[in-house]
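The values are calculated or read from the model by the stated rules, or taken from the named source; none is laboratory data. The structure displayed is predicted, hence computed values, not measured ones. Cβ sites come from the backbone with ideal geometry, for glycine too, and all protein chains shown count toward neighbours.
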Amino acid sequence: MKIALLTSGGDAPGMNAAIRAVVRRAGYYGLTVYGIERGFAGLLNGEGFRPLNHRSVADIIHRGGTILRTARAPEFCRASVQDQAAAWLREQGIEALIVIGGDGSFRGGAALQERGLRFIGIPATIDNDIYGTDLTIGFDTAVNTAADAINRLRDTATSHERVFVIEVMGRCAGFIALASGLAGGAESILVPEMEFNLEEICRRLLAAKEHGRSHSIIVVAEGAASAMKMGEEIKKRTGLETRVTILGHLQRGGTPTAADRILATQMGAAAVDLLRRGENGVMVGYVKGRIEPVPLAEVFSGEKTFPAEAYELAHILSLY
Ligand code: ATP
């Protein structure tokens, strides 16, 4: 069996570890993996199409980003483009496709599956917003990067008795904000999934100041509000010295954590195992501590539940 492999959507730390695991697990069983560069964009012109072997994926397990590079290719949503890509893959003798990316990328894979290719998706996005898997590759690293930044900003917040508003990534989801805010002991965490009241946040900031608290950290998910606007408003309403930091793309890069490398390694190997078992049209999920196949229909059917209890806990622990 010839397998094609690509990374698509936003890059996530750990994608390389997944590539390595796919190539080496496949090699172990005598299967050949062909890499395609720049996601579905590369698939349209055969960019970087080449066999990958044991050596091609040496020394990458610890590297952020993706050696196959990634891209967004909106034109791949068109049926005629999908027909063309499926025909090209068949011409190359490719029977199966493994895509490492987010649920948008899996829709591209599903379109090729409808055209006769076998497809397996490996969930990789720092946002952890894919339904059907408790964890995605890259989330743990992004959370650790954000938590580390919060630690550093806490030092300066304490020294200067300031309020720090820190904006983290997550697109429309608040998972990075919640996890990094919990780990960083934030006073307030603003996420798109939960309502917040700025007046109450300001009241709590002033109460904390009265109790002798020298600093405050507010973590804002990019999908919840603009940290800039929040910072200005807080300063205006409380008179407290306020600074804003937007972590931005810092959260995407960097060496993956051990947890992400292990998850990526297990998921990459599982993708090949699933193909060998005859599975098709599934995502490799991490469900209650186990790696298992999740049908794409299920992945596309729901929205991940926000852990409201953990959110409440963070809120309670910061009350005076
Ligand atoms: P991330 O969560 O990191 O953004 P993602 O995979 O969800 O990752 P998208 O930008 O949604 O990112 O999708 C990546 C690529 O997948 C798109 O640029 C496009 O090539 C392909 N794709 C997305 N949605 C579809 C669709 N409905 N049909 C076919 N292809 C799609």
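In the stretch 214-225, the residues that are closer than 19 Å to Arg204 by Cα reach residues that are assigned to a strand (DSSP E or B) and charged (D, E, K, R) with C-beta atoms within less than 7 angstrom, at least six apart or across chains, in these pairs: Val220/Glu167.
In the stretch 143-153 there is no residue that is more than 30 Å from Lys209 (Cβ to Cβ), away from the ligand (no atom under 11 Å from the Cβ) and more than 14 Å from the chain's Cα centre (by Cα). Of all the listed residues (Asp260, Asp273), the sole one being under 15 Å from the mean Cα position of the chain (by Cα), charged (D, E, K, R) and part of a helix (DSSP H, G or I) is Asp260.
Report yes if some residue within the stretch 68-80 is under 30 Å from Gly170 (Cβ atoms), in a loop (DSSP other than H, G, I, E, B) and either in the same structural domain as Cys172 (by TED's automatic domain parsing) or more than 12 Å from the ligand (Cβ to nearest atom) (or both); otherwise report no. Looking for residues that are under 30 Å from Gly170 (Cβ atoms), in a loop (DSSP other than H, G, I, E, B) and either in the same structural domain as Cys172 (by TED's automatic domain parsing) or more than 12 Å from the ligand (Cβ to nearest atom) (or both), one finds at least one in the stretch 68-80, hence yes.
Which pairs have Cβ atoms under 7 Å, sit 6 or more apart or on different chains, and link a residue in the stretch 259-270 that is hydroxyl-bearing (Ser, Thr, Tyr) to one that is in a helix (DSSP H, G or I)? Once the first residue is hydroxyl-bearing (Ser, Thr, Tyr) and sits in the stretch 259-270, its partners that are in a helix (DSSP H, G or I) give Thr265/Ala17; Thr265/Ala21. Checking the stretch 83-99 against the condition returns no match, with no residue being under 18 Å from the mean Cα position of the chain (by Cα), part of a loop (DSSP other than H, G, I, E, B), in contact (Cβ under 8 Å) with a residue 40 or more places away in the chain and under 19 Å from Gly138 (Cα atoms). Figure legend. Inter-residue proximity from the stretch 286-303: first residues over 9 Å from Tyr131 (Cβ atoms), second residues among the hydrophobic types (A, V, I, L, M, F, W, C) and not in a strand (DSSP E or B), beta-carbon distance below 7 Å, spacing 6+ or different chains. Indicated pairs: Tyr286/Leu135; Tyr286/Leu263; Ile291/Met267; Ile291/Ala270; Pro293/Leu274; Leu296/Phe106; Leu296/Ala110.
Here Gly108 does not qualify as in the same structural domain as Ser8 (by TED's automatic domain parsing), touching a strand residue (DSSP E or B) at 6+ places or on another chain (Cβ under 9 Å), in a strand (DSSP E or B) and not aromatic (Phe, Trp, Tyr). Applying the condition of being under 22 Å from Arg276 (Cβ atoms) and of a type in the set (Phe, Trp, Tyr) to the stretch 98-140 and asking which residue is nearest to the ligand (Cβ to nearest atom) yields Phe106. Among the candidates Ala179, Ala225, which residue alone is assigned to a loop (DSSP other than H, G, I, E, B), surrounded by 15 or more Cβ atoms within 10 Å (Cβ to Cβ) and not assigned by TED's automatic domain parsing to the domain that holds Thr125? Of the residues listed, the single one that is assigned to a loop (DSSP other than H, G, I, E, B), surrounded by 15 or more Cβ atoms within 10 Å (Cβ to Cβ) and not assigned by TED's automatic domain parsing to the domain that holds Thr125 is Ala225. For the stretch 81-97, the condition of being among the hydrophobic types (A, V, I, L, M, F, W, C), more than 25 Å from Tyr131 (Cβ to Cβ) and within 9 Å of the ligand (Cβ to nearest atom) holds for at least one residue.
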